[in-house]
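Data first, discussion second: the structure below is written as structure tokens.
Where a number appears in this text, it was derived from the coordinates with a stated rule and is not lab data. As the structure is a computational prediction, the values presented were derived from the model and not from experiment. Counting neighbours? That spans all protein chains shown, and the Cβs are built from the backbone with ideal geometry, glycine included.
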Amino acid sequence: MNSRYKGIFFITLSALSFAFMNAFVRLSGDLPSVQKSFFRNMVAFFIALVMILRSRDGFKIEKGNLKYMILRATFGTVGILCIIWYYQMRQC
């Protein structure tokens, strides 16, 4: 598969994944946003772990990039919390 079709495939897969996340947030009821975010991130962790193990390249964080990785993880987590909070507020 060439890179153009691979890009289209992954963009479509991303949109589908966000649609499923919205549906599961709605189906989960009155769980706290932090708990919903935890389970969403746990699923993402296992998907990323499988991808890392399949690539056999491993995963190593260089010293100069550690603060940027922590910053990215923090903003990503806050973003997911905001999305889930928005979905919950929209249901009211």
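Points to keep in mind about this one:
- For the range 12-51, the spread of Cα coordinates along the three principal axes comes to 32, 21, 10 Å, biggest extent given first.
- Trypsin sites (Lys or Arg not before Pro) restricted to the chain and DSSP loop, no more than 14 other C-beta within 10 Å: Arg56, Lys60
- At R0 = 41 Å, FRET efficiency that the Cβ-Cβ distance of Val34 and Asn2 yields, to 0.05: 0.50
- Rounded to the nearest 10 degrees, the inclination of helix 3-27 to the longest alpha-carbon principal axis of the chain is 30 degrees.
- Projecting label points 7 angstrom from Cα along Cα→Cβ for Ala19 and Met89 puts them 2.6 nm apart.
- Straight Cα distances below 27 angstrom link Lys6 to the lysines Lys60, with same-chain residues fewer than 8 positions distant left out.
- Between the helical axis of 66-91 and the longest alpha-carbon principal axis of the chain there is an angle of about 30 degrees.
- Between the listed residues Leu13, Ser37, Tyr86, the Cα displaced farthest toward the positive end of the dipole of the chain, a dipole computed from Cβ unit charges relative to the Cα centre, is found at Leu13.
- Placing pseudo-labels 7 Å out from each Cα toward the beta carbon at Phe45 and Met69 gives an inter-label distance of 1.5 nm.
- For the chain: rounded, prolate or oblate by the Cα gyration tensor [a/c cutoff 1.5]: oblate
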